Each structure stands twice: as structure tokens, then as C-alpha cells.
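Quick note: the coordinates plus some simple rules give every number you see, no bench work behind them. Quantities reported herein were computed from a predicted structural model and do not represent experimental measurements.
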Amino acid sequence: EQMACPGGCQNGGGLPNLIGSNQQQRIEQLNVADQNSEFRTAGQNQVVLEQMNQVHSAFHTTFGKKQGYTCQFIDFK
């Protein structure tokens, strides 16, 4: 998994600094893997698209006025 920031966070923020690592080789290999991938984005993956409604209903909510609750304001002056 790569974070959505410039350069894909390939050894970037949030990852440990690897001294003497092969960072450039890793970046190139990840870019090649991305270019050869069947799906470049989640929106191109049929499995993801089929589950989108289920995911939406599980993780999204709406807000509205609750019935039967009262709010009391306290003046701290």
C-alpha cells in the first residue's frame, strides 16, 4: 500500500529511513508494477465497484436532530 502523496511515499513520510537502502531501485520496481497492473485505480476494479454500495452504507452516516433530547446552556460569566 502506498500513501497518496507526491512520489507515492515510496520510502517517504511515515516509513522508516533505510540507510544504505536500494530506494531508487524500489521506486522503479513499484512504478513498473503499477504500469503493468490490470487496474490502475480502485474505480477500474469490478470487485470494488460491486461492493461500493455495501461499503457506503457501512461507513457513511447522516446527522439530524435527535428527538427527546434537551440541551441546556450554562452561562459561565
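Okay, here's what the table says:
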{"read-out": "Residue-span extension gain [Leu30 to Asn53] - 0.36 nm each, minus C-alpha spacing", "value": "5.2 nm"}
{"read-out": "Segment 68-74 - phi-based ³J(HN,Hα) in whole Hz, Karplus 6.51/-1.76/1.60, Gly and Pro as x", "value": "x, 9, 10, 10, 10, 8, 10"}
